[in-house]
Every structure is written in C-alpha cells, then in structure tokens.
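Okay, structure first, notes after.
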Amino acid sequence: MNNCSQAPQTDDTRAAASRYLDSWNASGMDWDEWMDEVGRAKAEFSALIGARPTDIAVFSSVSEATSAVASALDLSSRTKLVVSEAEFPTVAHVWLAQQRRGACMSWAKVEDGAIDPAEYDSLIDDRTALVSSCHGYFMNGFVQDVARIASRARDAGALSFVDAYQTVGTMPIDVRALGVDFLAAGNLKFLMGIPGIAFLYVRPEIVSDLEPTVTGWFGRANPFAFDNKALDWSPTASRFDMGTPPLINAYVARAGMSLINNVGPANVRAWLEILGQRLIDGGRARGLTLHGTNDMARKTSTTAFVVSDSHAVEATMRARGVLPAARGSVIRLAPHFYNTIEDVDRALDLLADVTRAT
Ligand SMILES: Cc1ncc(COP(=O)(O)O)c(C=O)c1O
C-alpha cells in the first residue's frame, strides 16, 4: 500500500536489472545496446504520456530535471514564478533557488488539502515566467486540473511545468491535450521502478528556444563528436540530457513502465477508482479522519488519514504485515493495479486498530 512512495519489486524489474549485470559481465561493455535501452525507456515513458520518444530527456531525479528547466528560463523581463503550495519540496526548492537570479515567488494556496483552480487566475499575469503545478499532491493524491492551469499560463505568455510523479502510471495522461510545456516524473512510485532515474517531457514547439545552463555532453547535437569547444544543441528534447545516463536504472525503468503500458493506464485508473472509493468509504465507516477531498474524480487512489504520530503508526503497521506510507501528519494508503479489495480492507482494519491503540 506504499506505491505513492516506492512500488514493490516485480519479477520483470528484477530480471531487467540482471540483464544489465549479465550484459556488463559477459561483454565488458555493450555501449550501443545500453544506449538503445535508454532509448527504449524514453519510448515507454513517452507512450505513457502521449508524447514521442524525441520529446523526452532523461535525468537521475525530478530535482535534476527541474533544475535543468529552471536554468533554461530567461528571467530578465519576466521574473514571477507561480508555484503551488502542493509541490513536493524538491520542486519548490529549485524555484526558490532562482530568487538569486531575480525570480519572485508567488504561491497558489493549499486549503483543506486541495487548491481552488481559481487561485491561479489571480496569480498568473504578464510578469509570470513559469507556472509550476504538481498533477497529483504527494500528501493525499489530490489531482489538479493542469490543462486549465497550462491554458491560463499560455494566455499570459508564461511557460507551464508539471510534476506528474504521483499520477503517471495511475491514469491516462496526454501531454498534447493538457497543453503543458514541461512534465517531469521519476520512476519508483506507480511506475514500478527504482530510484536514480527520471524523465522530462519538453513540448517540441518550444525546444529550440531553450538553452539550459545545467547541461552536459548528451545534450549536444552529436555527443560523440567529442568537441569540447562547441556548445551545439540537440534539436530535440535531448538537449536537456545531461551526462552518461543511469544505465541499470534505465533497464529497470523500462521493465516497470512496460508493465504499466501493457496493463493500460485506463484499466489501471478504472480499478484504482474502485479501490480509492473503498478507502474513502471504509475510512469513514471506521471513524478515520480523511485528509483532503473525498471526491474520487479529483484524486488518485492515494488516500491519506490524519494520525497523531505517522511514523510510529507506519512502524506498527509494517510489523503487522501492511506497508503504508507515513508523511508528516498523515498515513497514506496507496494501492495499485495489483492490489485487491481484501488488501484495502485489511489495511483499513489495521490502521483503525493501530490508531485506536495510540
Ligand atoms: C510529487 C513528487 N515529486 C518529486 C519527488 C522527489 O523527486 P526526486 O526524484 O528529485 O527525489 C517525489 C517523491 O519522492 C514526489 O512525490
């Protein structure tokens, strides 16, 4: 029940890690095949979000991807960054760090665990350089209408950045329909992967205007020209690539994302709506205090309950065979496509039992 934090290992992801280790052991170096696997991982990610493989850059974390985006911003005429209070801290930290470059922060407020979409309307204006809004809130799974936010940003001449770490793999996503300029996600949550790899979508129409100063040799038109005096830019999102990509992570990431693509994000979402509703109703029936919205149409399956000591509750539940995800004042239960109604009921029973006892 910990998929909002780290999904479990699967036979496929374990086998993928072994394939890399075996290849390394057998061949010493199989560079072209390793690079191809990174390309296949980009392709799996692009399929999950309705993009093309050439629209995707690879990083080691969302923090790194966000930093590269920040470094490409021109803050000379527009200085305002509109940032949601629901951002995962690392994303907000990258924007805060831009204050040294003259950026001014403007926050879209979280109230009762959610953000009123109209919040953005009053904040976005002709001084706005970029609007940063997470798709799913890490605390409680609240989902923002990022199409609406991106449209407001575009109308004001600003760029839009979306952290979709908590939603990719839980629902169909179509970046073209959403109209966002950037979308980033890591791999270890609902994509069934591991730490150390993350992906960034860059809208192809804006790529040629962007020159990130956080860069490296894989961002070049031809990295293998080995020309250390030429800062030429790849014509695709690859200009955001950094150095040697995380290889074993790419093997595992591709296997995890392929699982989700094979199940189908629409099928995943249909099942998660049932499990999420079960969590909301079951929590209410057991007297648990929900954090955030009770409207399944506005959330992922991640369902958070307010507890007095979340880490103590997590430790006790873990010892009794259920792994939840503690975060601040809440315990999150985050089932995925492989979970059953019985898993959800068992987790709720245990959470109710443990909170009664503490
Ligand atoms: C929404 C969201 N963004 C970002 C992160 C972390 O990003 P990074 O890959 O930089 O550790 C997390 C959790 O780890 C998250 O839940």
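Residues being assigned to a loop (DSSP other than H, G, I, E, B), touching a Ser or Thr at 6+ places or on another chain (Cβ under 8 Å) and open to solvent by less than 40 Å² (accessible area, probe 1.4 Å): count how many of those fall in segment 331-358.
2
Checking residue 328 against (1) crowded, with 22+ Cβ neighbours inside 10 Å; (2) at pLDDT below 95: exactly one of these is not met. Which one?
Every listed condition holds for residue 328 apart from (1).
Please verify whether segment 193-204 includes one or more residues that are assigned to a helix (DSSP H, G or I) and within 16 Å of the ligand (Cβ to nearest atom).
No, every residue in segment 193-204 fails to be assigned to a helix (DSSP H, G or I) and within 16 Å of the ligand (Cβ to nearest atom).
Taking the criterion of being under 18 Å from residue 144 (Cα atoms) and open to solvent by 40 Å² or more (accessible area, probe 1.4 Å), would at least one residue in segment 267-275 satisfy it?
Yes, that holds for at least one residue.
With (1) of a type in the set (Gly, Ala, Ser); (2) assigned to a helix (DSSP H, G or I); (3) open to solvent by 40 Å² or more (accessible area, probe 1.4 Å); (4) more than 19 Å from residue 5 (Cα to Cα) as the list, and residue 315 as the residue in question, which single condition is left unmet?
Just one mismatch for residue 315, condition (4).
Please state which of the following conditions residue 125 fails to meet, knowing it meets all the rest: (1) in contact with a helix residue (DSSP H, G or I) (Cβ under 7 Å, 6 or more places away or on another chain); (2) in a loop (DSSP other than H, G, I, E, B); (3) open to solvent by 10 Å² or more (accessible area, probe 1.4 Å).
Unmet condition: (1).
So, of the residues in segment 55-103 that are among the aromatic types (Phe, Trp, Tyr) and buried (at least 21 other Cβ atoms within 10 Å of the Cβ), which turns out to be farthest from residue 164 (Cα to Cα)?
Per the criteria, the residue is 95.
Please go through segment 273-293 and give me each residue that is assigned to a helix (DSSP H, G or I) and either touching a helix residue (DSSP H, G or I) at 6+ places or on another chain (Cβ under 9 Å) or on the phi > 0 side of the Ramachandran plot (or both), ordered by number.
Across segment 273-293, the qualifying residues are 273, 274, 275, 276, 277, 278, 279, 280, 282, 283, 285.
Find the helices (runs of 4 or more DSSP H) located wholly in segment 1-108 whose residues include 3 or more that are within 16 Å of the ligand (Cβ to nearest atom) and within 26 Å of residue 219 (Cα to Cα), and list them.
Result: 31-49, 62-71, 89-97.
Identify the residue in segment 156-185 that is in a strand (DSSP E or B), touching a residue at least 40 places away in the same chain (Cβ under 8 Å) and not small (Gly, Ala, Ser) and, among all such residues, is most open to solvent (accessible area, probe 1.4 Å).
My answer is 159.
Do we find that residue 117 is open to solvent by 50 Å² or more (accessible area, probe 1.4 Å) and under 30 Å from residue 11 (Cβ atoms) in this structure?
no
Against the conditions (1) in contact with a Leu (Cβ under 7 Å, 6 or more places away or on another chain); (2) at negative phi, where does residue 70 fall short? Just the number, please.
(1) is the only condition that residue 70 fails.
Does segment 205-225 contain at least one residue that is of a type outside the set (S, T, N, Q), within 16 Å of the ligand (Cβ to nearest atom) and open to solvent by less than 30 Å² (accessible area, probe 1.4 Å)?
Among the residues of segment 205-225, not one is of a type outside the set (S, T, N, Q), within 16 Å of the ligand (Cβ to nearest atom) and open to solvent by less than 30 Å² (accessible area, probe 1.4 Å), which makes the answer no.
Give the residue that is farthest from residue 69 (Cα to Cα), with candidates limited to residues of segment 236-248 that are of a type outside the set (Asp, Glu) and touching a strand residue (DSSP E or B) at 6+ places or on another chain (Cβ under 9 Å).
246
The values are calculated or read from the model by the stated rules, or taken from the named source; none is laboratory data. Computed from a predicted model, the values in this text were never measured in an experiment. A quick note on method: Cβ atoms are made from the backbone with ideal geometry, for glycine too, and the neighbour counts reach across all protein chains shown. Remember, those area values only see protein heavy atoms, side chains included, never the ligands or the DNA or RNA. Shrake-Rupley method; radii C 1.70, N 1.55, O 1.52, S 1.80 Å.
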